[in-house]
Each structure stands twice: as structure tokens, then as C-alpha cells.
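Trainee: Quick one: the structure is below, and I'll ask about it shortly.
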Amino acid sequence: RVTGHRPDPPPVSDAALEARHDAVVRLASWARLVLDETGAGKPPERTVPALAAFLGRHVGLLAAHPAAGPAADEIARVATALRGVVAPPRPELVPLGRCVEPGCEAEVTLPERGGDDLVLRGPMCGAGHVLTPRQWLLLNRRQSMSEAEETA
């Protein structure tokens with residue numbers, strides 16, 4: 001039955017779900033290698049923490065294994081992907097010039113890629129002044145005048 005109501009979006013992003021799934025699959029494959037090599041009993045639970053703890057307990061075996069290099073590379077990529085979900089890299093800041101607030105000499109910056117950071121904070125100086133659209137235009141005009149003086 002169609003009611004016209006959309007369910008709420010999941011509380012976890014698709015990127016987080018994909019990173020976790022990829023991590024579980026990759027860590028489980030290395031855990032399987034450890035189990036096959038040692039003949040040890042029961043496999044760990046298929047969660048990132050359980051698999052990571054299991055592999056940590058058997059790091060000596062992994063380090064001595066001929067596949068140690070690929071294992072280390074793959075586990076490092078998994079860790080990087082998971083960190084990227086938890087704390088995505090911040091965009092580089094583009095310097096725009098000196099602050100237009102009276103008495104402030106701090107540099108004004110703007111996130112390089114724009115997006116949410118641009119919308120949420122706009123151009124901001126190192127002292128914490130967030131420029132209004134009018135101040136942003138003033139900064140742009142000052143910068144244009146400065147560039148014109150340099151080329152003259």
C-alpha cells in the first residue's frame with residue numbers, strides 16, 4: 001500500500017556502510033589465512049573490531065608470511081578508508097588577503113573546494129571574524145586594487 005510517506009533516511013551514510021563492508025571482507029580474508037595456517041579453532045566474529053583484534057593477536061604470523069606485504073598494504077587501505085569516514089580530510093584553505101575588520105591583520109581564508117564548509121562558514125580570518133558578503137566584496141576590491149598597483 002502506498003501512503004505517500006518516505007521512510008527516514010538511514011542514520012549511516014552509504015560511504016560508511018561501504019567502508020565497513022569492505023573492511024570486514026578484507027580483514028576476514030586475512031583472518032581466514034591465519035586460521036588456515038595455524039589450524040586454530042573458531043573464526044572471529046565478522047565485525048571490524050573482532051577481526052582487527054584477532055589479526056593483532058596473530059601479527060607475528062602475518063609478518064612472517066610470504067603475503068605480509070600485500071596484507072599490510074590492504075590493511076592500511078582499510079584503515080585509511082575507515083578514517084576517511086570518521087574524519088574526512090578537510091579541504092585546503094585558499095588565502096584571500098588581510099581581514100577587513102578595523103585593527104585586524106589576520107589572513108582571510110576560504111576552503112578550496114567550497115561545498116558545505118563554504119556555505120556554513122564563508123570566508124573567515126585567523127582571528128575568527130567571519131566576513132559578511134559586503135566585507136567580502138570590500139576584500140575583493142582591496143585585493144584587485146593591490147594587484148593593479150603591482151602591475152603598474
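The values are calculated or read from the model by the stated rules, or taken from the named source; none is laboratory data. Computed from a predicted structure; not experimentally measured. Counting neighbours? That spans all protein chains shown, and the Cβs are built from the backbone with ideal geometry, glycine included.
Trainee: Go over the candidates ALA15, ALA76, ALA28, ALA52 one by one and state the one that is modelled with pLDDT under 90 and touching a helix residue (DSSP H, G or I) at 6+ places or on another chain (Cβ under 8 Å).
Mentor: Numbers: ALA76 fails: touching a helix residue (DSSP H, G or I) at 6+ places or on another chain (Cβ under 8 Å); ALA28 fails: modelled with pLDDT under 90; ALA52 fails: modelled with pLDDT under 90.
Result of the check over ALA15, ALA76, ALA28, ALA52: ALA15.
Conditions (1) surrounded by 14 or more Cβ atoms within 10 Å (Cβ to Cβ); (2) modelled with pLDDT of 85 or more; (3) β-branched (Val, Ile, Thr); (4) outside any helix (DSSP H, G or I), marked per residue:
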site	(1), (2), (3), (4)
ALA71	yes, yes, no, no
ALA81	yes, yes, no, no
VAL85	yes, no, yes, no
VAL100	yes, no, yes, yes
LEU118	yes, no, no, no
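Trainee: Now for a different question. Consider CYS104 against the criteria (1) at pLDDT 80 or above; (2) under 30 Å from ARG26 (Cα atoms); (3) not in a helix (DSSP H, G or I): it satisfies all of them except one. Which criterion is unmet?
Mentor: The number of the failed condition is (2).
Trainee: Please go through region 9-63 and give me each residue that is within 21 Å of THR80 (Cα to Cα) and of a type in the set (Val, Ile, Thr), ordered by number.
Mentor: Selection gives VAL12, VAL24, VAL25, THR47, VAL48, VAL59.
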